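Only one structure is covered here, and it is reproduced in the block below.
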Amino acid sequence: MEEALTARLLASAPLTAIVSTRINWGRRVQGEPLPGLTMMNVSPGRSYTYRGPAGLSGPRVQFDGYALDFLTAKAIGRALVTTLETPLTVGDIAFSAAFLAAERGPEVQDLGGGARVFAVSLDFFIWFSPAA
């Protein structure tokens with residue numbers, strides 16, 4: 001799922017117009033310019049029946065957008081919502097509409113010397129299954 005989700009975000013014109021290809025799992029690449037986006041799995045989201053795995057998963061994924069100004073940080077969040085709330089099949093993964101579960105920020109992080117970073121954080125339940 002992680003590879004397909006990354007490909008989906010990299011194919012999103014509204015999102016890449018802001019962050020380009022600076023979309024990473026875990027943490028930002030050191031020295032990479034802003035704006036950028038990171039992702040991490042918060043919960044596995046596997047669905048089960050009494051017979052075992054149901055084949056539909058909905059992990060909670062946290063997306064953190066970083067920018068040098070408030071409006072760009074907000075724009076990252078809006079682009080994520082637009083991208084993830086639309087069902088789409090990428091390779092062998094069929095994404096259903098994602099559900100926004102939490103939104104925080106933008107908060108300002110003072111880096112010292114007058115440098116600041118604005119961060120926005122959005123949690124989505126990313127529903128997917130193998131493509132038919």
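The values are calculated or read from the model by the stated rules, or taken from the named source; none is laboratory data. Quick caveat, the model's predicted, so the values are computed rather than measured. When we count neighbours, we look across all protein chains shown, and the Cβ atoms used for this are built from the backbone with ideal geometry, even at glycine. Keep in mind that these areas ignore ligands, DNA and RNA; they rest on the heavy atoms of the full protein, side chains included. Shrake-Rupley method; radii C 1.70, N 1.55, O 1.52, S 1.80 Å.
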Mean projected area, convex hull of alpha-carbon positions in the chain, reported to one decimal in nm², is 8.3 nm²
Find how many whole Å separate the alpha carbon centroid of region 16-91 from the alpha carbon centroid of region 113-132.
-> 4 Å
Please go through region 14-52 and write out the chymotrypsin sites (Phe, Trp or Tyr not before Pro) that DSSP classes as loop and that have at most 14 other C-beta atoms within 10 Å.
-> TYR50
So, with +1 on the Cβ of K and R and -1 on the Cβ of D and E, and no other charges, what is the size of the charge dipole of region 77-121 about its Cα centre, to the nearest 20 debye?
-> 120 debye
Global form of region 10-49, assessed from the alpha-carbon gyration tensor, a/c cut-off 1.5 | oblate
If you place +1 on the Cβ of every Lys and Arg and -1 on the Cβ of every Asp and Glu, how big does the dipole about the Cα centre of region 1-130 come out, in debye to the nearest 20?
-> 140 debye
Mind ranking THR86, THR21 by accessible surface for me, highest first, 1.4 Å probe?
-> THR21, THR86
For every helix of n ≥ 4 consecutive DSSP H residues, a contribution of -39,500 (n - 2.57) applies; sum these over the chain, divide by its total residues, and give [θ] at 222 nm rounded to the nearest 500 deg cm²/dmol.
-> -7000 deg cm²/dmol
Rounded tilt (10° steps) of 70-84 against the dominant C-alpha axis of the chain = 10 degrees
By the Kirkwood definition, with r running over pairs of different Cα atoms, region 63-132 has a hydrodynamic radius in Å of 13.3 Å
